[in-house]
Amino acid sequence: MAGRRGALIVLEGVDRAGKSTQSRKLVSALCAAGHRAELLRFPDRSTEIGKLLSSYLEKKSELEDHSVHLLFSANRWEQVPLIKEKLYQGVTLVVDRYAFSGVAFTSAKENFSLDWCKQPDVGLPKPDLILFLQLQLTDAATRGEFGHERYEEKTFQERALCGFQQLMRDSTLNWKVVDASRRIEEVHEEICTLSKAAILSAAQKPLGKLWQ
Ligand SMILES: Nc1ncnc2c1ncn2[C@@H]1O[C@H](COP(=O)(O)OP(=O)(O)OP(=O)(O)O)[C@@H](O)[C@H]1O
Ligand SMILES: [Mg+2]
């Protein structure tokens, strides 16, 4: 309907929880149901900043920890004009990882407080819905070996999960925990139902600012 904004829907979760699988399926299902929906993913490796991040994740380059945290955040900020434009055009955006991954991963490093990690992302477009795909790390391990990228390591993933759990205590955000250990189609159905409700309610509300 004219004048109605789209919803900002984020998928988060530990590695191999099914974020990419489910984001793609969600966009297809929403489009098939007559919604306008598009997929975004972070990091967006296609930009200049994204290329630095890609090389860092592939361990082809080293970057200072604070500096790389700010680059991950900048990689989100550089998409904000596009995100706002799409949402105000009525397009729902399904986002595969967002600021929560950024904070969970850096705060898993030594000597980084959650609060410091959140600051660069304060004021980003606030998701209308954050789907946390919950999966035990032992179950995630059955979905294949870790890749060879940075952060793909058991102890680090455990620490990142603690970061996610702390972020989920924030009741100003619409977190929904989805049991991602089920079959792909079952998880998909629940995600669709939650997303359709979020699209309806977002249409009535102004877009918020994250952590602000
Ligand atoms: N519900 C499921 N049950 C079993 N296998 C699944 C399920 N969902 C996804 N998978 C499989 O697990 C693997 C990881 O899925 P996917 O890439 O979607 O996860 P991800 O959360 O995006 O991972 P990453 O954090 O590494 O990007 C893929 O091989 C996928 O086919
Ligand atoms: Mg993925």
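The values are calculated or read from the model by the stated rules, or taken from the named source; none is laboratory data. Bear in mind that the values here come from a model prediction, so they are computed numbers and not experimental data. FYI the Cβ positions are ideal-geometry reconstructions off the backbone, even for glycines, and counts take in every protein chain you see. Just the protein is used for accessible areas: all its heavy atoms, side chains included, with ligands, DNA and RNA removed. Shrake-Rupley method; radii C 1.70, N 1.55, O 1.52, S 1.80 Å.
Label segment 69-176 by shape, choosing from rounded, prolate and oblate, from the square roots a ≥ b ≥ c of the eigenvalues of the Cα gyration tensor; if a/c is under 1.5 it is rounded, and otherwise prolate applies when a/b is larger than b/c, oblate when it is not.
prolate
So, counting K/R as plus one and D/E as minus one, what does the shell of residues with Cβ under 11 Å around Gln212 add up to?
Value of the local net charge: +2.
What do the square roots of 5 times the Cα gyration tensor eigenvalues come to for the chain, in whole Å, largest first, as semi-axes of the equivalent ellipsoid? Please report the intermediate quantities before stating the final value.
Values: eigenvalues 139, 84, 51 Å².
They are 26, 20, 16 Å, listed largest first.
Which of Trp77, Trp116, Trp175 moves the most in a Gaussian network model of the chain with Cα springs under 10 Å?
Looking only at Trp77, Trp116, Trp175, the biggest GNM fluctuation is shown by Trp116.
In whole angstrom, note down how far apart the Cα centers of segment 103-121 and segment 1-40 are.
Answer, in whole Å: 26.
Loop-only GluC sites (Glu not before Pro) in segment 44-125, please: DSSP not H, G, I, E or B, and at most 13 other Cβ atoms within 10 Å.
Details: sites: Glu48, Glu58, Glu62, Glu64, Glu78, Glu85, Glu110; in loops: Glu58, Glu62, Glu64, Glu78, Glu110.
Of the GluC sites (Glu not before Pro), the ones in loops of segment 44-125 whose Cβ has at most 13 other Cβ atoms within 10 Å are Glu58, Glu62, Glu64, Glu110.
Please compute the per residue accessible area over segment 81-171 with all protein chains in place, 1.4 Å probe, rounded to a whole number of Å².
That works out to 46 Å² per residue.
Taking the Cα centroid of segment 194-212 and of segment 129-189, what is the distance between the two, rounded to the nearest whole Å?
22
Share of the chain's accessible area from carbon and sulfur, percent, 1.4 Å?
Ligands and nucleic acids excluded, carbon and sulfur give 52 percent.
Rounded to the nearest 500 deg cm²/dmol, what is the calculated helix-only ellipticity per residue at 222 nm for the chain, with -39500 (n - 2.57) per DSSP H run of length n ≥ 4?
It comes out at -14000 deg cm²/dmol, rounded to the nearest 500.
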